[in-house]
1. Testing the spin-label approximation: label points 7 Å from Cα along Cα→Cβ at Asn491 and Ala566. State their distance in nm.
2. Give me the net charge of Val640's neighbourhood, meaning all other residues with Cβ under 9 Å from the Cβ of Val640; Lys, Arg count +1, Asp, Glu -1.
3. Less than 14 Å Cβ to Cβ from Glu520, Lys/Arg counted +1 and Asp/Glu -1: what total charge do the surrounding residues give?
4. If each DSSP helix of 4+ residues adds -39,500 (n - 2.57) and the sum is divided by the residues in the chain, what number results at 222 nm, nearest 500 deg cm²/dmol?
5. Under a no-solvent Debye model with one identical scatterer per Cα of the range 213-297, what's log10 I(q)/I(0) at q = 0.15, 0.22, 0.23, 0.25 Å⁻¹?
6. Give me the one-decimal nm value for the distance between modelled label points at Asn132 and Tyr314, 7 Å along each residue's Cα-to-Cβ direction.
7. Given H placed on each backbone N at 1.01 Å, which residues far from Asn551 in sequence or on other chains put an amide H within less than 5 Å of it?
8. Please list 241-249, 643-651 highest first by mean number of surrounding beta-carbon atoms within 10 Å per residue.
Amino acid sequence: MQNKNILLVFLGLVLLSFVLLAGCPGGGPESTGVTAKAVAGGIEVNWNPSQKADVTGYNVYRSTAAGDLGVKINPVLVTGTSYTDTNVESSVVYYYTVRSVTSGGTEDTNTEQASASTDVNPPSGLSVQVNNGATHTNSPDVTLTLSATGASECRVSNDKSTWSDWAAYTTSMDWQLSSGDGMKDVYYKCRDAQGNEAIPVSASIELDSSGPSISISSPESGASYATQFELKFTVTDPMSSTISCSGDVDGGAIAIGHLDVGEQDTMTVNANPGQHTLTISCNDGVNSAEESVSFSVDTTPTGVELHIESGSGYVDTRYVTLDVIADNAAECRFSNENKVWGNWVPYVQEKQWTLSSGDGTKTVYVECKSTEGQLSQVASDSVVLDTHKGDKISIEIDNGDDWTNSRDVKLGLYCFAADQCRYRNEGGDWSGWSSYTTRKYWTLSSGEGDKTVHYNCKDSNGNDLGSAEADITYSKREPNPPSSMRIKINNGASHTSSRDVTLKLHATNADACRLKNYGESWSSYRHYTTSMDWTLSDGGGKKTVYYQCKNDYGKESAHASIYLDAEPPGPPRHLSATVDRNSVVHLSWDRPSGDIHEYYIYRSNTDLGMFSKVGSTRSTTWRDTGVSEGYEYAYYVTAVDSAGNEGDQSNTATVNVPGTETGGDTDEHGCKGSAGYVWCESLKECIKPWETECPELGAGPEMPSE
């Protein structure tokens, strides 16, 4: 009985020791059932809860060598039974140990490990294009060209808020832009099979589904006009403030150029008598519109009448009086034989005029215009000129031509009963007497201009038979006004941000030219040149420059327009900056209102504080691959309009590009030496000595230069 009691006491003591051992802090290790698996962004470590009493949490240790405890990676005590390690590198095998900690701070000595590796790098090289990079579209249904490296699934959004469902990676897809015309942004992001998501990228395109509308107020359909009439039309467009237009009359081009929408444009157009169709075509960069009108040009003179010497039908002198009757006429011009027109002169009812040289039928033409520039029909009247008056002597130069480009001419001569004749140029001496002839070659006086040849004959008895004269214009070039008039502003650009522009000019047979802005006075005439600097009128909007050249035979004009936009756009809004695991900085911002052509990106190393332009884009996202690890950068973005005006800067966004602390060339504590990290025992962490003081290391090295 005594032995039995002794045995019971012994067994009780053994049982008590087990109980006490199980409950003592710092007791022997227990199986944690630790596991490790790859998840998006890192490695997830799981374990069983400790069965020991008074356990308040757990520490997680990591190393890159089996059996090595490594370094504690949880900054605070883990109270649950799971921990995700995000400070890892792809394809590196990590070993994890979990140890429980009591309320007194005692940590167990467990050495059980679990290992795993993962891929923490999200897809890279994301890009999206809308309609192959087009800047405009007239349909919300577009095609996206997509690209990404390492992507498993991707999705798309119009607003960064509502996304399409995740779908298998593809390089092309159909997409519908958000409703309503205007600038549209399309966002694109992808994830890999591990679930790592890349930062979204974007592309922009302008949706213009409405197009321009053209209204022609003159000429009116079915109406009749003079050979020169006014074209008046207005173009509207819901998306554009300016628009490019061209026109034609029966296929003959009318130069129009860039216009302000919503404002009436007026220009002078010429057309021959008959039926015509005038067409105006406009394009806003995306959509085109065309409008046509049919009208006629009437050959019947209306509004002006002309009579030579009161309509006598016969005159014996070249110097006559013209009777002109014209309604509402301000100026008129005249021509002999409808060959060379004179300059516009103030309208008078009686006009002194010189008929063309040589006897015969003579026709004078007149055209008048009102103060508004409305042209009349061309009117004419004819008379028979007989200057012989019984003397029977006459002379013609080059068969009665008005103009020659050679001083050597041929005279046509006649004098009844003549035996000898003589000749002289205006202001010159008579030639010697020579035998009468009906044809003679003659040299005009030197110098260009109007020339007169005088002719005098006598009979065989020496009796004077009278004199005659003939006129002709000598010019090395044809006596027409300047032609081929052309003007370009800034080489034909549609927009400018400065009033100071360069003009490219062209004219044929121009002696002198002048310029003016719309609504301003003409400059003085200057010698013809092909290029010059010019200052546009003040204020924004459509600017038209008029170009006029002259010679001895008249004037001709041309004009060109450009849109002056001196008002810069507003600043981009809500700029943000993030950095991914590959040390690429991603910028994103919201578009300001108004005409935006592109954005400029500026960057500063905040240690230096100076910003410099590092890129440009048409979309509202941008990636910066030119940064270095371990530095902080600041960014701002500006908007630029079609005229080149750069607006104010956005808010400033800063981002720190961290160095990689672990993985790769790490020491036994997991500190990456190539990134400058060392182990600080007293702090129990990897530090950069120039950033964080470690008592046992003393003064750290200087920060390495970039």
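1. So the label points at Asn491 and Ala566 sit 2.4 nm apart.
2. Within the 9 Å Cβ shell, the charges total -3.
3. +3
4. -1000 deg cm²/dmol
5. Rounded to two decimals, the profile gives -0.50, -1.00, -1.08, -1.24.
6. Each label point lies 7 Å from its Cα, and together they span 8.0 nm.
7. Asp511
8. Result, highest mean first: 241-249, 643-651.
We did not get these values from a lab; they are worked out from the coordinates using the rules stated. All figures in this text were calculated on a predicted structure; none of them were measured in a lab. Cβ: placed from backbone, ideal geometry, glycine included. Neighbour counts: every protein chain shown.
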